[in-house]
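First comes the structure, then the notes that go with it.
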Amino acid sequence: LGHRDLAFLCPKRPEMNDPRLEGYRNALNASGIPYRESLVLFTGSGYAGGKRGVMHLEEENIPYTALITIAPLQARGALEVLNAKGIRVPGDVSLITFSHDELHTIPPVTWVNTQADQLGEIAVKKLFERIRNPRLPLEYIRIPLKLEIRGSTGPLVPRHTRKWGQGKGHSTRL
């Protein structure tokens, strides 16, 4: 969609961030987009964390055109602040989250389907195999993710009415 300034809101506990933050970095790298620590915010995964993240980005004038949250409640909090500040989703900022947990918003939020049902089925199957044969080697299984495109993402639209800072700095724990 042309976005190059992708902010990423993480949980406050660093150990919870490894796979998602690694995926964020890998996706940026694969797209030729430099990683910027100023766009990674450790806000917490709840509603308040989403609000804190957007408020920080706005108060610090950090340029971003897309916002990735790790949890639906975080996306809801972020969307509330974006709406209150008159920032159009998806017109000014695209918003995406992981899993939807029946997230009912206007616009509907684009989400990464982690296929938890499939993961659960595989986990139970592997558990029973392990019970039958405890000497089986441990396996690391990856389930492909599916992007469920909804109304909160769109192509990059240049922002002519807003001035942005330089976006320098380090990742921030809020």
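The values are calculated or read from the model by the stated rules, or taken from the named source; none is laboratory data. Please read these numbers as outputs of a predicted model, since none were measured by experiment. All Cβ positions, even for glycine, are placed from backbone atoms using ideal geometry, and neighbour counts span all protein chains on display. For accessibility, only protein heavy atoms count, side chains too; no ligands or nucleic acids. Shrake-Rupley method; radii C 1.70, N 1.55, O 1.52, S 1.80 Å.
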ask   = Which percent of the accessible area of segment 1-139 is formed by carbon and sulfur heavy atoms (probe 1.4 angstrom)?
value = 56 percent
query = trypsin sites (Lys or Arg not before Pro), restricted to segment 1-75: which are DSSP loop and have at most 16 other Cβ atoms within 10 Å?
reply = Arg4, Lys12
query = Considering only DSSP states other than H, G, I, E and B, which GluC sites (Glu not before Pro) in segment 102-141 qualify as loop sites with at most 14 other Cβ atoms within 10 Å?
reply = Glu102, Glu139
key: Set Lys85/Lys146; Lys12/Lys126; Lys126/Lys146 screened for pairs whose C-alpha atoms are more than 27 Å apart   = Lys85/Lys146; Lys12/Lys126
